[in-house]
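> Pasting in a structure now, in structure tokens, and then I'll have a few things to ask.
The values are calculated or read from the model by the stated rules, or taken from the named source; none is laboratory data. This structure is a prediction, so every number in the text was calculated from the model and none was measured. As a convention, Cβ positions derive from the backbone with ideal geometry for all residues, glycine included, and neighbour counts pool all protein chains shown. Surface areas here come from the heavy atoms of the whole protein model, side chains and all, with no ligands, DNA or RNA. Shrake-Rupley method; radii C 1.70, N 1.55, O 1.52, S 1.80 Å.
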Amino acid sequence: MAHSPEPTDISPTDLKKREEDFHAESGELGRAFTKAVNDLEALGNFWGDDEVGQEFAGTSHGPPA
């Protein structure tokens, strides 16, 4: 009886066949990340200037510049 490959079996040949898919997904992920960062930056100082907001922002010296 032949061994059927498990779903997690990956070969270099299989990866090479999907190279274009990986490249396309990488571009889409990069664009989504950039949009998310831009959307957050557009919100401005959403964490506030109080002590809790400064702690959330990761600084006790005020919000990042």
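> Given the residues Arg18, Arg31, which is the only one that is more than 30 Å from Ala57 (Cβ to Cβ), open to solvent by 100 Å² or more (accessible area, probe 1.4 Å) and modelled with pLDDT of 90 or more?
Just a single option satisfies the conditions, and that option is Arg18.
> If I ask for residues that are within 30 Å of Leu15 (Cα to Cα) and not acidic (Asp, Glu), which ones from segment 25-61 would you list?
Ser26, Gly27, Leu29, Gly30, Arg31, Ala32, Phe33, Thr34, Lys35, Ala36
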